[in-house]
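Shown next, in structure tokens, is the structure this report addresses.
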Amino acid sequence: MSLSSALLAQITELTFSEALTNAIFMMLIVFIVLIVLWGLVALISRGAKLFAREPVAVTAPAVPAAHPAAGVTTAPAMAQPGTIFAGNIKLTEVDERSAAMIMAIVSDESGIPLSELRFKSIKKLS
């Protein structure tokens, strides 16, 4: 007796209920694996969001008004030597020294070089 005929002798016919039970069991395994994969993807994406930096919005420089409102001044952007001038910053009730300090703090806390940040306006909150 050859090996293939010995294996064929061990195979038996399945009844309909056994085949149905096997099919349901295999589908259950597939769905469990899909749920586990979904959970892993959700977990990895949440972990990636913790380490991702927030994107900095880059906008066109604001066009100064012909007659600025009271307490509103426009000052040139504080650019470092050798960098490209990015436009004007609208300062509302804030002096240039305070605005420079705010920009430096934002740059330091975010870890983004000041030359890559674009500030549109800085406004004093009551």
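Coordinate-derived values only; no laboratory data. The structure presented is a predicted model; accordingly, all values stated were derived computationally and were not measured.
Bridgeable lysines around residue 90 (alpha carbons under 16 Å apart, same-chain partners fewer than 8 residues away excluded): 120, 123, 124.
If eta is 0.890 mPa s and T is 25 °C, what Stokes-Einstein diffusion coefficient results for the stretch 3-51, Kirkwood Rh from Cα pairs, in µm²/s? Translational D for this selection: 172 µm²/s.
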